[in-house]
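Here the structure comes first, spelled out in structure tokens, and everything after it is commentary.
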Amino acid sequence: MWKVTAKNNSEAEILLYDEISEFESEDWCLMNAKGLINKIKALGNVENITLRINSVGGDVFEAQAMYSYLKSHTANITVRIDGLAASAASVVAMAGNKIIMPSNALMMIHNPAGGVYGEAEDMRDTAEILDKIRDAIANVYIAKTGLEREKVIAMMDSETWLDANEAHKLKFCDEIEESVTV
């Protein structure tokens, strides 16, 4: 579900509350970068955007496009991880000038995955591509956290789940709020 609300001429709120996909469908709860960008552009010159996330992630290329667009936007971006920012959604979250997590929210980072059909050389080629995608994702996390590349890669290799305290300690988020009652 994309929900974009202009609170006034200078503030907007965006909900990223479903799977990130190359397709966009409200019926299937899918969101893509083009949809996000079009909705933000329709807002005009907003100064502050709050991006609220509760997503299992999805398509890494769509997430990278969302991240890149948000990072280049002139608005101050505040990300609120309301429940979960997993996989590709954690990449989008890193676009925030400030990232806030309630103490009971979670973030998950991991290596990219993909499938391939073919001969051995096809498998080797795909492995190399997945390594390049992993490195691109790692660069996003490193830019936010300042962690060493080896540490980030090890966390991705292990599929790391972070609660708000762990995310804050490692600088994946900037602020922890009291837990939100579920």
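The values are calculated or read from the model by the stated rules, or taken from the named source; none is laboratory data. Only a predicted model underlies this, so the values are computations on that prediction, with no experimental measurement involved. Every residue, glycine as well, gets a Cβ built from its backbone with ideal geometry; the counts of neighbours run over all protein chains shown. Note: accessible area is taken over every heavy atom of the protein model, side chains too, but ligands, DNA and RNA are not part of it. Shrake-Rupley method; radii C 1.70, N 1.55, O 1.52, S 1.80 Å.
See the values below:
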| item | result |
| --- | --- |
| Output for segment 53-76, where each listed residue is farther than 21 Å from residue 111 by Cβ and buried (at least 18 other Cβ atoms within 10 Å of the Cβ) | 54, 70, 75 |
| Enumerated strands (runs of 3 or more DSSP E) restricted to segment 103-182, each holding at least 2 residues that are open to solvent by less than 50 Å² (accessible area, probe 1.4 Å) and among the hydrophobic types (A, V, I, L, M, F, W, C) | 106-109 |
| Members of segment 76-89 that are farther than 14 Å from residue 15 by Cα and in contact (Cβ under 8 Å) with a residue 40 or more places away in the chain | 88 |
| Of the criteria (1) modelled with pLDDT of 95 or more; (2) under 19 Å from the mean Cα position of the chain (by Cα); (3) over 22 Å from residue 72 (Cα atoms); (4) of a type in the set (Gly, Ala, Ser), which one residue 114 fails | (1) |
| Residue in segment 52-74 that is assigned to a loop (DSSP other than H, G, I, E, B) and closer than 17 Å to residue 162 by Cβ present | yes |
| Output for segment 90-101, where each listed residue is in contact (Cβ under 8 Å) with a residue 24 or more places away in the chain and surrounded by fewer than 17 Cβ atoms within 10 Å (Cβ to Cβ) | 98 |
